[in-house]
Structures are given as structure tokens and as C-alpha cells.
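Written out below as C-alpha cells is the structure these notes cover.
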């Protein structure tokens, strides 16, 4: 049984029932947020979730807004690895570095958490179709979960998205249209108008359900740390649903008495288009249009503005004592290489989490004793062109010849055993 009770508007406090499909507040057009009766949570909630790990994200169903009687639309999402990065952490002066690798989700990105929940919720209330706009990863995830659920999906994918991501969306069966615009603000205006006209969107925040699934980051991380809390959580920011959802999850765990504090939330954007960083550093409550989204390799988080001014993300960062960090293209490429050497393949927009840590100690916002969780939001296979640019090329050509291979790999490291044929006398 879900503990979710209703939706509440950020701006005018209008209460909306969770029994109908809705996007923005029907009174003022503000963002809606799911509310919960956490006092009704079972004292055995954490142990019950631990005992049902095979259910993945859905073992936390009590803390997710799924309609009564609805079934989960699942591809096996959740419970991605939280890995200690000893060598990389030592290089960065942060021995307590951990990586949460959501590049290992079913469609290769963290978007699967949100769409698993949002599509399940919508189908549970009788939806037959929906749409989203995307820079690529969200479109592929949306298309996959709609295919699984039997919903008709339409995806407006940014014209700058690479061909691999666009092809993945089509392969999952969605109707795909390339999206052209001059500023992200045009997209947000269109989404507001469509929401008021009754079209059901699955875009982060405009859809009040999708980012709720990102709370499970907090649950999984703290459970893996035996209910300890990391000092810092670092997350790439496009719309910011991942960071906001995680922030909400940590606060819920504190309300439930499972943890006693929350981490500092750090949002990361490319320096060439960093409206969040601009607003944070200039003390504004909302973002304004800034930067050039076409100038970064981090396509998945490239935007010159944010939905509803990024107010929620700024709030989470400031209330947690965190910060917004801009990273250069060179730092993104370096982070991709460093992660690769640590056996983690990250696309550029995912590698910004580690790029932000390159100078964190020098800048003074990280301490050596900090436990830091960097979220990897998408696999490098999502953007093969970027991998080709940062990876070292082959060192040369070689024939299939034992002597030549020995010259390259060096002297044998052990004594080779004698090899006998099956017909050899014994």
C-alpha cells in the first residue's frame, strides 16, 4: 500500500488528488509535488525492502505513488552498483569516493527509474498514450517502458541528439520527431501550453510522478552504507530531476528515523551552458537564459535555461549546504578517461560528476575525509562519437604470429607446461 496521499502545488498550495492524470497545477500552473503520510510507514519498512531485493526499485513501493491495484511496468530497474573507487579517489584526494553507476540500467541511463514509475502510474489510471521531449536518453527510456506497457509514445528529440540515441528511440517503437528551437525557454512554454490543454506529458517536473522514482537513489545508497549518510552527493543537472528526487529521498529517510542528516547536494553543468551555476553564484532564486547549449559534448544536460527557473534545484542545493559547479570540456574529457581506467564507461553528461571533483579539494568545497557519491547517469555506449574522441587509438597493427606477439607482450611470466597430444605414448 502506497503512503502517497495527494499532490501539492509549489506556488499556491492547491491540493490535487492522485486519482486522475494531471501535469501542472490546475489553478496556477505551478509544479506539483507528491505528499506522503510517513507516519503510517511500517517500522519494518527497511528490513522488508532488504528482504525483497529481487524486486529492484519496486521493493520501496510503499514510498512511491502507485495507484491501488496498479501493476509495475518493469524492465529490471534499480539497485545499480555503489562502487568504492580507491585508486581514483586517491588521485583526486578523496579516499572515500564512491560511484553509483546508473549506466547499467536497462536502457543504459538513470532515466529508467523515472519512466518505470511514471508509465506504471499513468497506465494504472487508464492512460493509452503520452509524449515527452528529450535530448536522447529520456526518449529511449520512455519509448522502452511505453512499449512494455502497451502505450503509444511520441518523442520530440532534440535535433542535436546523436544518431545512436535517435535510432534507439525508434527501435523501441516510439513515433520520433526531430525538435528544432532557439532556446530551451521555447520548449518550456510549449510544455506549459500543452499541459493546460490536457495533453499528458512525461517531461520531468511537468509530470509530477517521474522524479519521485529518483528518491530510490537515497534509499539504495544509505542501505548499502548500512544506513550511514554520504557527506556529498554529486549529480549532473539538466532539468535536475535526479538531484531533486534524491534530495527528497534523503529527507524522507531522516523523517523516518533511518538517518540523522542529509548530504550536501552538488549539481554539475557544462561551463558553456550553466544556467544553474549562474543563478547559484549570483544569488538568484531562479535561472535565466545563459550560455550556448550547442558548445558542449555533454548533450544530455545541455540547455540554456531550466524548467520553472530551476527553483527546486537551487533550493535543494542551498538548504543542504551544497553548491552548483561548472566544468570545462577538457575536464569532462579527462573525467571520461579517468572513469574508463577505473572500469566505468560514462557518456560525457554522466562524467561531469567526476569532472566536478577534479579541483574540489583545491577549491575548498571538498575535504579529504568526505564520503562522496558521484552518480554516473548514462553509459558511454550512448554517445560513441565522444568515446572515439577521448579514447586512445590502437597502438599499431600486428599479424597473427606468436613471435610478434611475444615481442609486444614481453617474456613469459610463468613456465609453460608440457603439452601432450592425445596419441602420445605415456
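What to note about this one:
- Conditions (1) touching a strand residue (DSSP E or B) at 6+ places or on another chain (Cβ under 6 Å); (2) surrounded by 14 or more Cβ atoms within 10 Å (Cβ to Cβ); number of the one not met by residue 185: (1)
- Residue in the stretch 14-23 that is more than 30 Å from residue 193 (Cβ to Cβ) and surrounded by fewer than 20 Cβ atoms within 10 Å (Cβ to Cβ) present: no
- In the stretch 19-26 there is at least one residue matching the filter, namely being without any contact (Cβ under 8 Å) to a residue 60 or more places away in the chain and farther than 29 Å from residue 374 by Cα.
- Per this entry, residue 89 is not counted among residues that are in a helix (DSSP H, G or I), in contact with a strand residue (DSSP E or B) (Cβ under 6 Å, 6 or more places away or on another chain) and closer than 30 Å to residue 147 by Cβ.
- Residues satisfying the stated conditions in the stretch 316-356, i.e. surrounded by 20 or more Cβ atoms within 10 Å (Cβ to Cβ) and farther than 25 Å from residue 384 by Cβ: 316, 317, 320, 322, 323, 324, 325, 326
- Selection from the stretch 2-37 of residues that are in contact with a helix residue (DSSP H, G or I) (Cβ under 7 Å, 6 or more places away or on another chain) and under 14 Å from residue 307 (Cβ atoms): 23, 24, 29, 31
- Flag for residue 275 being crowded, with 19+ Cβ neighbours inside 10 Å, out of contact with any helix residue (DSSP H, G or I) (no Cβ under 8 Å at 6 or more places or on another chain) and either outside the structural domain of residue 360 (by TED's automatic domain parsing) or more than 21 Å from residue 357 (Cβ to Cβ) (or both): no
- Residue in the stretch 296-306 that is within 19 Å of the chain's Cα centre (by Cα), free of Cβ contacts under 8 Å to residues at least 60 places away in the same chain and part of a loop (DSSP other than H, G, I, E, B) present: yes
- Checklist (1) in contact with a strand residue (DSSP E or B) (Cβ under 8 Å, 6 or more places away or on another chain); (2) buried (at least 23 other Cβ atoms within 10 Å of the Cβ) applied to residue 121, failing item: (1)
- Qualifying residue in the stretch 380-402 (condition: in contact (Cβ under 8 Å) with a residue 40 or more places away in the chain and closer than 28 Å to residue 288 by Cβ): no
- Scan of the stretch 32-71 for residues that are surrounded by fewer than 20 Cβ atoms within 10 Å (Cβ to Cβ) and assigned to a loop (DSSP other than H, G, I, E, B), ordered by number: 37, 41, 42, 43, 44, 52, 67, 68, 69, 70, 71
- Residue in the stretch 116-134 that is modelled with pLDDT of 95 or more, part of a helix (DSSP H, G or I) and closer than 30 Å to residue 84 by Cα present: yes
- Subset tally (residues that are outside any loop (DSSP other than H, G, I, E, B) and surrounded by fewer than 19 Cβ atoms within 10 Å (Cβ to Cβ)) for the stretch 279-295: 3
The values are calculated or read from the model by the stated rules, or taken from the named source; none is laboratory data. Every value quoted in this text rests on a predicted model; they were computed, and no experiment measured them. Please note: Cβ atoms are built from the backbone with ideal geometry, for glycine as well, and neighbour counts cover all protein chains shown.
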